[in-house]
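The values are calculated or read from the model by the stated rules, or taken from the named source; none is laboratory data. What you see is a predicted model, and the numbers here were worked out from it, not measured in a lab. All Cβ positions, even for glycine, are placed from backbone atoms using ideal geometry, and neighbour counts span all protein chains on display.
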Amino acid sequence: MIQPQAPRRDLYALIEDYFRNRFDTSNPLITEAVSRMLAAGGKRIRPRFTLLAAEAAGQNASDHLQLAAFMELIHVATLIHDDVVDNATTRRGVNATAVDFGNRISVLAGDYLFAWIFKNVTADHGHPIPHILSATLADITDGEVLQLKALGNLDLGVDGYVEIAGKKTASLFAASAACGAIAGGAPPDVVTAVRSFGYAYGIAFQMQDDYLDMTADEATVGKPVGNDLREKKMTIPVVFALGGADRDFRTDLERYYEGTDESPERVAAIVAAIGTQGGLTATRTAIADYVGRAKAALAPLGNLPARAEFVAIADALLA
C-alpha cells in the first residue's frame, strides 16, 4: 500500500544542488564539459518526473536524486551528440559544447557519459531499470535516424511524425517516470500510469518545441528561431499544414526544401504560409490533446500530491 509522501523541498532546487555539489565523473575534462551544459540551465523535467514518481510510491525524493540525475545526464549526452550532428553553435543560449571543446571531445564526452551512467545504474539498481534505460537509449538513437531519413519528406504523415517524436523525445520522459516509480516500489498500475503520462507528455513537449521554433524568439528557445526549417526537418506544424494544403503551398515548400535560400526573410515567409494553411493552429490543438491524454493516464494515482504536480507540469505546455 502506498503511504502518504513526506513534506519536501522544491524538486528543482534538490536537483540543482546535486549537480552543483555532487556530480563528478572522475574525468575532469568530461566533468567540465558536462557541467558547462548543466550550468546553462534547463527545466530539469525528466529528473523531476523521476522524483515525483518515487514520491507517488511513498518515498522521499532526496533518496532518489542520483537516479533522477542520470535521466538529465542521458538527455545532456544526447544534446552534445545532436549539436555535433547538426553543426549547432548554440544551446540553451550559450555555446554548444562542440564550439568550446571541438567535435572530437564532444563526441567522446557524450560516449563517456553514457558509459558512466550505465556503469552506475547497473551497480546500484536491479532489473528492470537498467533494461528500461538501455532500451530507451536505443529508441532515442532510432528516432534520430528516422528523423534524418525523413528530412524533406513532404509525404510524412502524423503517424510517422509521432513515431519519431515518441522514440527520440517521449521515450526518455516515460522512462524517467517509470524508473522513479519502480525504484520507489510502486505497484504495477502506478508504474504504468506514470510511464503513460511521461510518453503522452513527451509527444506534447516535442510538438511544443516544434511550435516554438516557428513562433518564439531566440532568447526564449535558446537557439536560432526557424532552425528546424533550416535543417529541413519535418516538424508537426509542417505536417499539419501539408495535410490540407493547396498546390501552391506544397510547391513552394518543395522549392524551399530542395533549395539553398535559408535567409531570415525566406524562413519567415514559410512560417507565415504554414500559419495560413492552419499548421500552427492545428499544432496547438494537438498539444492540448496529448496534454489531456497525459493527465487522464494519472487516474491510478488518486489524490496523491504528486499527481497535482504532474498535472501542473503538463498544463504549463498550454500556457
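Only a single criterion out of (1) among the acidic types (Asp, Glu); (2) under 16 Å from residue 180 (Cα atoms); (3) at pLDDT 95 or above is not satisfied by residue 142, namely (2).
Condition check ((1) touching a residue at least 24 places away in the same chain (Cβ under 8 Å); (2) out of contact with any Lys or Arg (no Cβ under 9 Å at 6 or more places or on another chain); (3) not β-branched (Val, Ile, Thr)) across all residues:
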position: 212; (1), (2), (3): no, yes, yes
position: 215; (1), (2), (3): yes, yes, no
position: 236; (1), (2), (3): yes, yes, no
position: 248; (1), (2), (3): no, yes, yes
position: 270; (1), (2), (3): yes, yes, no
position: 273; (1), (2), (3): yes, yes, yes
position: 283; (1), (2), (3): yes, yes, no
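When 159, 139 are checked against the criterion of being over 24 Å from residue 23 (Cα atoms), touching a Ser or Thr at 6+ places or on another chain (Cβ under 7 Å) and not β-branched (Val, Ile, Thr), 139 stands alone in meeting it. One residue stands out among those in the range 228-251 that are touching a helix residue (DSSP H, G or I) at 6+ places or on another chain (Cβ under 6 Å) and part of a helix (DSSP H, G or I): the one that is nearest to residue 85 (Cα to Cα), which is 228. Residues that are β-branched (Val, Ile, Thr), assigned to a helix (DSSP H, G or I) and buried (at least 17 other Cβ atoms within 10 Å of the Cβ) occur in the range 89-102; there is at least one. In this structure, residue 134 qualifies as in a helix (DSSP H, G or I), hydroxyl-bearing (Ser, Thr, Tyr) and over 22 Å from residue 210 (Cβ atoms).
Residue by residue, here is whether (1) in a helix (DSSP H, G or I); (2) touching a strand residue (DSSP E or B) at 6+ places or on another chain (Cβ under 6 Å); (3) among the β-branched types (Val, Ile, Thr); (4) closer than 18 Å to residue 155 by Cα holds:
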site	(1), (2), (3), (4)
253	yes, no, no, yes
257	yes, no, no, yes
272	yes, no, no, no
281	yes, no, yes, no
293	yes, no, no, no
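Quick grid of which residues meet (1) modelled with pLDDT of 90 or more; (2) more than 24 Å from residue 146 (Cβ to Cβ):
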site: 68; (1), (2): yes, yes
site: 76; (1), (2): yes, no
site: 83; (1), (2): no, no
site: 91; (1), (2): no, no
site: 111; (1), (2): yes, no
site: 114; (1), (2): yes, no
site: 118; (1), (2): yes, no
site: 123; (1), (2): yes, yes
site: 126; (1), (2): yes, yes
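Annotation note: Cβ proximity below 6 Å between a residue of the range 43-66 that is farther than 20 Å from residue 170 by Cα and a residue that is among the acidic types (Asp, Glu) and assigned to a helix (DSSP H, G or I) (sequence gap 6+ or interchain) occurs for 61/55.
In the condition set (1) under 16 Å from the mean Cα position of the chain (by Cα); (2) surrounded by fewer than 22 Cβ atoms within 10 Å (Cβ to Cβ); (3) among the hydrophobic types (A, V, I, L, M, F, W, C), residue 216 is compliant with all but (1). The numbered conditions (1) without any contact (Cβ under 8 Å) to a residue 12 or more places away in the chain; (2) assigned to a helix (DSSP H, G or I); (3) not acidic (Asp, Glu) are all true for residue 303 except (2).
Annotation note: of 136, 141, the sole residue that is among the polar types (S, T, N, Q) and touching a residue at least 12 places away in the same chain (Cβ under 8 Å) is 136.
Taken over the range 137-188, the criterion of being of a type in the set (Ser, Thr, Tyr) and either buried (at least 21 other Cβ atoms within 10 Å of the Cβ) or assigned to a loop (DSSP other than H, G, I, E, B) (or both) is satisfied by 161, 169, 171, 176. Could you please let me know if residue 202 is part of a helix (DSSP H, G or I) and at pLDDT 95 or above? Yes, satisfied. Selection of the range 116-155 for residues being more than 20 Å from the chain's Cα centre (by Cα), within 30 Å of residue 231 (Cβ to Cβ) and of a type in the set (Gly, Ala, Ser) yields only 152. Consider the range 53-82 and keep the residues that are of a type in the set (S, T, N, Q) and in a loop (DSSP other than H, G, I, E, B). The one that is surrounded by the fewest Cβ atoms within 10 Å (Cβ to Cβ) is 60.
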